[in-house]
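The values are calculated or read from the model by the stated rules, or taken from the named source; none is laboratory data. No experiment lies behind these values; they were computed from the predicted model shown. Here the Cβ positions follow ideal geometry from the backbone for every residue, glycine too, while neighbour counts run over all protein chains shown.
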Amino acid sequence: MEKKWLNEAFKGEVPNDFRGKVGWQCPSNIALVKYWGKHGKQLPQNPSISFTLSECCTETFVQYEKAEHFGFQFFFEGKENPAFGAKIEKFLLDNQAFFPFINQLDLKVESRNTFPHSSGIASSASSMSAFVICLLDLERSLSLSKGRPIELDLQKASYFARLASGSAARSVFPKMALWGATDCYKGSSDEYAVPLENDIHPIFKTFRDSILIVSGETKSVSSRAGHGLMEGNPYAPARYAQANENIKNLLTALKSGDLDTFINITESEALQLHALMMCSNPSFILMKPNTLHIIEEVRNFRNETHIPLCFTLDAGPNVHLLYPENEAKKVEKFIKSELLTYCNQGRWIADHVGDWPKLLM
Ligand code: PMV
């Protein structure tokens with residue numbers, strides 16, 4: 001793939017009057033089979049599958065203008081943010097062979113999240129995918145200005161989003177995505193995600209994700225450090241084998257609409273992710289006591305009502321509750337009466353499975 005995109009890169013002179021603005025909104029995603037552990041150039045140790053979300057998104061605008069040298073400024077929610085900007089700038093400089101035209105452009109990036117501040121929700125998946133799609137859109141305008149029409153290539157977007165932040169590879173497709181090579185899915189790749197929309201039962205296309213905010217604090221251990229700690233983790237080989245098995249069984253369950261298997265795998269994956277953190281060296285614990293209270297309540301509720309409600313966790317203490325749309329009334333009643341007491345200031349986000357990235361301008 002690299003060769004193809006190196007060959008295709010726009011290497012010409014940027015026209016003097018080339019200026020404009022592109023804007024895209026990209027969704028976040030929540031993994032069911034988790035990506036935890038990487039190697040080489042941001043390649044996953046095992047395949048992962050996620051739901052694309054709808055309410056938790058990043059909106060990014062990139063203003064560009066022809067310049068003598070590469071110029072870069074990054075604003076997050078109206079304020080200049082050098083720390084986050086440095087991450088994007090590094091990504092651009094590391095990949096300038098693919099985007100050599102950036103050396104003739106001044107870029108001003110403005111980004112904001114559609115979900116609340118300090119909700120502890122990771123935004124790297126939505127923010128990096130939104131930025132990469134803006135970059136490809138900018139490249140398209142540039143090619144067009146030279147009479148060379150090119151399509152916005154989502155496989156390419158997923159490839160470069162992956163280089164910026166692994167899980168971002170999965171955010172460019174609607175409903176569900178699979179990232180990582182597996183024999184069980186034709187066309188799957190470690191280099192980019194593929195859409196799963198046409199291989200899932202309709203029940204999953206409108207699934208709900210109610211995100212219970214247990215803590216809005218930023219994580220004590222970054223996911224970069226967490227991936228790194230998998231290297232010395234004695235359980236890593238067993239984990240990667242198990243993840244591959246879970247991918248195989250989950251793909252079958254997603255196709256047939258088998259909710260029991262879906263629940264089993266989803267909860268086991270969430271607990272495994274946190275178990276891996278607890279047995280790395282040094283170990284760390286990202287769950288909070290209220291995370292466990294919620295898990296216990298969810299399992300009791302499911303046993304008593306037989307409503308197919310389950311949980312998953314990201315690399316943090318917040319709990320994602322997953323359930324079919326037709327159970328929403330009963331589950332939301334349960335959330336409000338029993339679970340909000342475990343949430344930080346009673347906060348939660350009502351999300352559901354979402355669609356494509358959206359063009360904003
Ligand atoms: O994309 P990263 O490097 O932030 O890693 C994401 C890791 C998890 O969110 C814990 C799991 C996943 O597959 O999204």
I'd like to know if the stretch 119-135 contains one or more residues that are over 30 Å from Ile213 (Cβ atoms) and either modelled with pLDDT under 95 or crowded, with 22+ Cβ neighbours inside 10 Å (or both). yes
For the condition over 27 Å from Leu6 (Cα atoms) and either crowded, with 22+ Cβ neighbours inside 10 Å or within 18 Å of the chain's Cα centre (by Cα) (or both), what is the one hit in Lys205, Lys156? Lys205
Hey, among Ala168, Ala177, which residue is within 14 Å of the ligand (Cβ to nearest atom), assigned to a strand (DSSP E or B) and within 16 Å of the chain's Cα centre (by Cα)? Ala177
Among the numbered conditions (1) outside any helix (DSSP H, G or I); (2) more than 14 Å from the ligand (Cβ to nearest atom); (3) touching a residue at least 12 places away in the same chain (Cβ under 8 Å), tell me where Pro149 comes up short. (3)
Restricting attention to the stretch 320-330, which residues are within 25 Å of the chain's Cα centre (by Cα) and not in a strand (DSSP E or B)? Pro324, Glu325, Ala328
Just to verify a result, which residue in the stretch 9-66, among those that are of a type in the set (D, E, K, R) and either under 19 Å from Gly120 (Cα atoms) or within 11 Å of the ligand (Cβ to nearest atom) (or both), is surrounded by the most Cβ atoms within 10 Å (Cβ to Cβ)? Lys34
Just to be sure before I move on: is Leu313 within 16 Å of the ligand (Cβ to nearest atom) and among the aliphatic types (A, V, I, L, M) in the structure I sent? yes
All positions within the stretch 280-306 that are surrounded by fewer than 17 Cβ atoms within 10 Å (Cβ to Cβ) and among the hydroxyl-bearing types (Ser, Thr, Tyr): Ser283, Thr305
Test Ile265 against the stated conditions and say whether it is aliphatic (A, V, I, L, M), farther than 28 Å from Phe131 by Cβ and away from the ligand (no atom under 12 Å from the Cβ). yes
Just the residues that are over 15 Å from Phe51 (Cβ atoms) and in contact with a Leu (Cβ under 8 Å, 6 or more places away or on another chain), please, taken from the stretch 250-270. Thr261
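Please enumerate the residues belonging to the stretch 228-243 that are within 14 Å of the ligand (Cβ to nearest atom) and under 14 Å from Gln272 (Cα atoms). So that I can check it myself, show each step before the final result.
To start, the set of residues in the stretch 228-243 that are within 14 Å of the ligand (Cβ to nearest atom) comprises 228-230, 239-240, 243.
Correct list: Met230, Arg239, Tyr240, Ala243.
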Residues within the stretch 43-69 that are among the hydrophobic types (A, V, I, L, M, F, W, C) and not in a strand (DSSP E or B), tallied: 1
Filter the stretch 296-339 down to the residues that are touching a helix residue (DSSP H, G or I) at 6+ places or on another chain (Cβ under 8 Å) and more than 26 Å from Phe284 (Cα to Cα) and list them by number. Phe301, Arg302, Thr305, Ile307, Pro308, Leu309, Tyr323, Pro324, Glu325, Lys330, Phe334, Glu338
Being assigned to a loop (DSSP other than H, G, I, E, B) and either among the hydrophobic types (A, V, I, L, M, F, W, C) or more than 16 Å from the ligand (Cβ to nearest atom) (or both) is the filter here; which residues of the stretch 118-138 pass it? Ser118, Ile121, Ala122
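One line per residue, one yes/no per condition, for (1) within 30 Å of Val22 (Cα to Cα); (2) in contact with a Gly (Cβ under 9 Å, 6 or more places away or on another chain); (3) among the acidic types (Asp, Glu):
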| position | (1), (2), (3) |
| --- | --- |
| Ser280 | no, yes, no |
| Ile285 | no, no, no |
| Cys310 | no, no, no |
| Ser337 | no, no, no |
| Gly346 | no, no, no |
| Asp355 | yes, no, yes |
Positions within the stretch 77-117 being part of a helix (DSSP H, G or I) and closer than 23 Å to Ser143 by Cα, in sequence order: Ile88, Glu89, Phe91, Leu92, Leu93, Asp94, Pro100, Phe101, Ile102, Asn103, Gln104
Just to be sure, is Ser141 within 26 Å of Glu89 (Cβ to Cβ), within 12 Å of the ligand (Cβ to nearest atom) and either among the polar types (S, T, N, Q) or touching a strand residue (DSSP E or B) at 6+ places or on another chain (Cβ under 6 Å) (or both)? no
Helices (runs of 4 or more DSSP H) wholly in the stretch 222-319 with at least 1 residues that are more than 24 Å from the chain's Cα centre (by Cα) - which ones? 236-256, 259-278, 289-305
Failed item in (1) within 16 Å of the ligand (Cβ to nearest atom); (2) touching a helix residue (DSSP H, G or I) at 6+ places or on another chain (Cβ under 7 Å), with Ser111 passing the rest: (1)
Only one residue in Ser210, Ser220, Ser188, Ser171 is within 30 Å of Glu338 (Cβ to Cβ), surrounded by 18 or more Cβ atoms within 10 Å (Cβ to Cβ) and among the hydroxyl-bearing types (Ser, Thr, Tyr), so which one is that? Ser210
